[in-house]
1. What share of all Cα pairs of region C:10-269, in percent, falls into each consecutive 10 Å distance bin?
2. Once each part is reduced to its C-alpha centroid, what is the distance from region C:178-219 to region B:511-582 in angstrom?
3. Return the calculated 222 nm mean residue ellipticity for chain B, to the nearest 500 deg cm²/dmol, obtained by summing -39500 (n - 2.57) across DSSP H runs with n ≥ 4 and dividing by the residue count.
4. Give me the net charge for the shell around A:L48: Cβ to Cβ below 15 angstrom, other residues only, Lys and Arg +1, Asp and Glu -1.
5. If we count every other residue with Cβ under 14 angstrom of B:K365's Cβ, Lys/Arg +1 and Asp/Glu -1, where does the sum land?
6. Roughly speaking, what is the centre-to-centre gap between region A:199-228 and region C:29-79 when only Cα atoms are used, to the nearest Å?
7. So which GluC sites (Glu not before Pro) in region B:537-592 pass both tests, a DSSP loop state and at most 15 other Cβ atoms within 10 Å of the Cβ?
8. Under the rule of at least 5 residues apart or a separate chain, name every residue whose amide H is placed under 5 Å from the amide H of A:A153.
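Quick note: the coordinates plus some simple rules give every number you see, no bench work behind them. As the structure is a computational prediction, the values presented were derived from the model and not from experiment. No Cβ is skipped: glycine too gets one built from the backbone with ideal geometry, and neighbour counts run over all protein chains shown.
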Amino acid sequence: MSEPLHYVIIGTGAAGTEAALHLRQRDADCRITMVTAGRLLFIRRYELPKVFDGVEDWRELLVYPPEFYDEHGITVRRNSWVTNVDPERRVLGMRHKEEVSYDRLLVASGGGGYIPAGLSEYRHLLQRFATFGDAIRMRQSLPEGGRVIMLGADMTGLDLARKLTAAGFRLTVVATEQLFWPHEVSPRKRTRFVKALVAMGIEVIQGRAVAGIEATNSGGPARRVVMDKGDLRGDVVIPFFGLMPTLDFMVGAGVDIERGLLVNPQLATTDKNIWAAGDVCQIWSPEENHYRFYYGWKNVKMMGRIAALNMTGDNEAVDTVKEEDLFINANGEIDSPFWEYD
Amino acid sequence: MSRKRKPVTDIQIAICGSAGDGTIAAGDILKRAMARAGYKVIAFDLYPAEIRGFGKCIARTRITANQVYSMKQKSDVLISLDDSHAIPHVDEVCDYGAIIYEDNPMSKVEEGGHISGHAAPAHIPYGIPFREMSERATGSARSRNMVAVGYIAGLYGMPQKIFHEIVTAKFKGKAAVVTTGNIAAFDAGYEAGAATIRLDFGVLESRSRRRGKADLVMMNGNAATVRGCLDAGIETFFGYPITPATSIMEILAAEMPKTGGRLVQTEDEISAVAAAIGAGYTGARSATATSGPGLALMTEMLGLGTIAEVPSVIFVSQRGGPSTGMPTKTEQSDLNLAVFGVAGDGQRIVLAPTNVEGCYKCAGKAFEMAEQYQTPVIVLLDLYLSNRYEAVAFPEKNPFVRKCSKGVSRRGTGSPYSRYAITDDWVSPRAVPGTEGCQHAITGLEHDVFGRPNDQAHVHEMMSRKRHEKLEAAINHPDITISKRFGDRGKVDVGLLGWGSTFGEILEAMFVAQKEGIKCAAMKVVMLSPFPKPAVVPYLDDCAEVLVPELNYEGQFADLVTSATGRPVNRLNRVPGTPMRVDEILAEIRRLADGAKQMAAE
Amino acid sequence: MTDIKKPVYLEEKLEEVTQSGRLEYRSKSLPTWCPGCGYFSIVEGMTAALNRLQVQPKDTVVVTGIGCASRFPFFVNTYGFHTLHGRALPVATGIKVANEKLTVIAVGGDGDAFAIGGAHIPHAARRNVDMTYVLFVIVIYGLTKGQTSPTSVLGFKTGTSPYENQDAPLNPLMMLLSYGAGWVGQAYAGHPHHLADMIHQAIAHRGFSYLHVLSPCVTFDKTTKTYKNLGVMVRDLPEDHDDSDQMAAMGEAARTEAPAMGVFYQKDRPTLGDGLQEIVKRARGTRTAGKRRAARQAAE
C-alpha cells in the first residue's frame, strides 16, 4: 500500500473547510491538515455582531464543533503562519521554524481588510472586525449607544453596520469608492441605495475625504476623524475598503499572481500540485476574457468543493457566469446575495 | 456543552519542560503567588529520573476557590517550555483548554516536532515568542520560564503585585539583578497576556488577599514532614539519599542544626536505621527517611527495634516497585512491607497521612508514639504526597508533646532494674544510658524481664504478648486522627475506604457521586497498624458495598481490611505511576451503586 | 600466657580483684564462652581499663553485633546493646551522635566485622566516631560451630570448606590503616596485661580506635591459630616504630606471618562530634547573621 496522500489547506474558512470535507469524502485514507493564523476553528464570521447582543461564548459561532474535525481526521494547525511555499520540495515553511510537507496544496487563505495607503499610518487607531477577539475589543471600546465611524463601507461593513444600528449604536459611514464593494453600482442606483441606507438610520457622508485620525483623551468619544472640512467624533473607527487577498507567503512560490492567485476555471494554479479557492483566487473567466473574483459565502463554498473534486482527479469548472446584484428588498432595506449565508 | 457556567474558580495549570528550563521554579512561583492571593492551591511536580538537561519536568498547579483534595485529571492550561516533552501531554488538556508555547524557537523544528501541530481541535493555542521576549526584557533567553508565568498571569488577570513579591522573595540573597531581571521578564509576559483576548474558558474570580488570618504556607508533603519533625523536637537524623524521600533529609540538614540537632548521612539504609535506633536507645528523638528499597533493607533492624523496644521513626515515601522499580513514579505498594515486613512476629505502628497537613501531624505524632510505646513507627508517604503542594495553615501552638517516655521512678530499688517489666499497660519503665544504677543490656534475642537472653516457652509467650498488647493503646493516642468518615451519615449504598495520598481522589469522587444522588460515604484510615477495628467495622456495617481504591496491583490495603475485619471489599487497583483517576473511582461507585439498588429491589 | 611469670594464688587474686573496683564493671551473668576462650582476658582487660580510666559503668555503652564475641554486653555491668549481625558500628555511631558524654565501645568478631559488617568500618573510621572498636579475631565462625571467616587462612578445613578454604584472607589492619582510622593497634589474648593496656590506650584515644585482638578458638580451630601457634608467631613492634608514620604502619601490618603487638598508628583529628558541633555553629551563625541583616534593613 502506498503512503496516504497529505493534503494541506491554507485557510480554515468556508472554502478551506468545504474542501476538507469533500477531500475526506473522496479519500478515506488521506491526511488532511488545515493551517490558519487564527486561534479558533471556523466560525460564522457574519455572526460576529452577536457579541453586541451579549453573546460571550464563541462556541455559539462555530460552524462545526471540534468533534467534527476529530471525526473527519482533520488536523487544524491554528495560530500558525505560513511564511513561504517551496513547490519543488513540496513544503510549507512555518513562522515557528517547522516545515510542513504536502502532496497537494490548496490555498484558501481568503483576504484581509484592505487599508488604503493614506490610512496605513493610523492603523493602530483603527478597529478591525475579522476575529472573535476583534469583536470583543470593539464591544469593549463601544459604550451603549456609542458611535461607530465606518470608512469605505463595503458589503461586509454594511452588513455589520445594519446589525450595529439594530443593536442601538449610531453609525456614520464615510462613503468612498469602495461603498457597496464588491458590487459595482451605477451612479443612479448608488443614489437610491444611499437613500435606503439613510432610511435604515445610517448617517452617510459623501464627497468628503479623510485627512487623518486622532485619539482623544479629553472625554467623549475616543476617536476624531479629521476630514478635509469638519471633523467627525466616534468611539470606534472601522475601515471596510474591500478585501485584499492574503498571499504574501506565495510570493516566490513560482505561481502566477495578479491581485489574487491566478487559477483556471478548474481552480488549478500554474503549479501542478497547488490549487486555490475562495477570496484569495482570481479565476479565469472565458466569457469575460479576464481573471475575476467571486465573493460571498456561497461562491466560496462552491469553490472549496470544486477544488477538492479536482484535487482528487475530477475536472469540474466553476460557473463563472452568474451575476449578483444589490437590490432593495420588500422592507425597503438594502439586500444582497452577498449576504446569503447558510 | 453547558452554556451556563457558574463562575467557580478551578483552574489547573501544567507547566512542562526540561529539567534545565526552570519548569519547577515557574510552577513554584505560580503556586505560591496564588496561595498568597487567597486561592486554595494544590500542586504536584514531577521530576525526571535523569539529573539534568534531558529529563522531563511537569509542575501542575490547581487553583480553586473552594477546598479540593486532588489534582484534576485534565489540566485547563498547558504551558510548554519544551515541546518534545510537552507534546505527549497535549491529551491532558481539557476541551477548550489553553496550550501556551514558544512560537519562535531558536532553531529549526523537525516536522511534527512543534506542539501547535498536536493541539486537538478543541484546544486553544497561544503561540508566544517567549525567547525573544525574554531576550528583550533581560538580554538573555534564560528567563523564558518567567515570561511564560507572566503571560499566564496576565492572560488570567492574576494579581501582578503578588507575583512581584513572590519573585523577590524567591531570589532573595542573590544579586539584585537576578530579581529585577526575573521581574522584567515576568512583566513582559504579563503585559502580553493582559493584552490578549482570552478564548479558553477557565474561570478566575478575583479574591481578596488573606489578611489577619494565619498565613497559608505552600508546602509539599516532605517539607511538612520535616516541619512535624522539628516541632516534635527531633534531635538526631540518619539517612541515605533515595528518591522520593531525599528532600526530607535535605531540608532537615539545613534546619536541624539551627536548634542543635544532629544529622549524619550514613553509608546505606541499614546504617541509617541502625543509627536511628542507636540514638533512640539513648533517649534521643531520632528518625530516618527512605523509600521502598531502603525499607526492604531496614526490615531486619526494625525487627530489632521491636524486640528490644527501642523508639525510632522511619519515614517511607513509596514509589513504583518492586526492586528499583519506578523511582520517579508514585505507588502505594509498600503497605505490606511496612505493616508486615519483619522476621517473626514483629508488629509496629504504621501511620499513613492522606494530605500535606497530615504529613505534619503524623510526623510529629510518630515521635510521641515511638517514645510512648517504645517501638519503631513507620510513617508511610508516597511520591505523590511527598511532592504534592497544598496550602497549609499550621497551628499557632506547637501541638506535639515533648516527653512521652515512661521513665524509671528512681534509681537503686535494691533489686536489679528490669527493663522489660510487665505492667498494666504492657509498657515498661525505660532507663537510658547515663541513668545511675540501671545498667542493663538489651538484645535482639528473646529475653526475660531483665533483658537477659531467654528462649523458654513461657518467656517468649509473655514477651510476644507484651509487644503486641502495648501497641493497642496507640489506636486511642490523643490528638491525632486515626480514621475519619466523610460524606453521608448512616447506611449508604457505597462506602469508600482509602488510605494515603489516594484519599484525595476518593473524596473528590465521593463528592461527585453524592451530587449525582448516590448515597455515599468515604473513610480514611491513617493508622494501618495496629488496625483501628473499632472505627472501621461499624463503618463497614453501614455500607451496602465497600470500595477500596489504591495504587497497587495486589490490593494490599484491601487485604489488610479483609484480614482485620473479616469483611469482603470491592477493589480498584491501578498502577499507572500517577495518581488515581477520579473518573475511574466514580465509574466504580456508579456500578456498585446500581448493583446495591438492584439488590435492594430484589 | 607467656607474660605470667610467677605463680598465681586464687585467694590473692580474689583479694586483688575485689580491691581494684573492676568487679563494678562485671555483671552477674556467667559468660557462655568455652573454657579457655581468649574472650575472658578481653573482658578482664576491658573492665581493668575502664576502671583505670574511671569511666562510670552508667556512662558506658558496649555495642555488639552477632557472634561469640557479641555476647560481651551480658557479661559487663555497663549499658549494653546486643544488636544485629554486622551492625554494631552504625548502632554505636547513633548512640555516640545522640549522646557525646557516653563512652561507646563496640565489640565484635571478624565475621561480624569484615564479612557482613564490612561496609560500615570504613565509614566509622573516616567519620572518626569517638569510639573504640575491639575486634576479637579467632579466624573462624564460633557461634555457628566452625565455618571459615574472612580472616581464615588458605587451606583451612571447616564445615563449609571440607575441601579446604580457597579464599584468601583479608588483612584487617591494612584495611583500617587505609580507611584513615586514627588509632590502630594489635594485641594478643595470650598477653592479658598488654591487652589491658592496649584497651586502655584505645579507649583513651579521642576518635575512632581499632584494636585487633588475636585470640584462638579453642573449640573449633585446633590447627592454625592456637595458643601454641600464636604464642610463637607474635612479636613486639620494633623499638623504633614511628606510630605517626602511616606507611611504616602499613609495612608492619603486611607481615601477617609474624603479627606485631602494639600501637601501629595514631593521629588526632576532629571527630564526628566535632564536625556536628561545627555544623550547629555555622547554622546558628548564619541565622543570627540573617537576623542582624533583617534588623538592619528594618531600621533603614
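1. Over region C:10-269, the share of Cα pairs per 10 Å bin runs 7, 33, 38, 19, 3, 0 percent.
2. Going from one Cα centre to the other spans 59 Å.
3. -11500 deg cm²/dmol
4. +3
5. Combined, the nearby Lys, Arg, Asp and Glu give -1.
6. 107 Å
7. Of the GluC sites (Glu not before Pro), the ones in loops of region B:537-592 whose Cβ has at most 15 other Cβ atoms within 10 Å are B:E554.
8. Hits under the 5 Å cutoff: A:F240.
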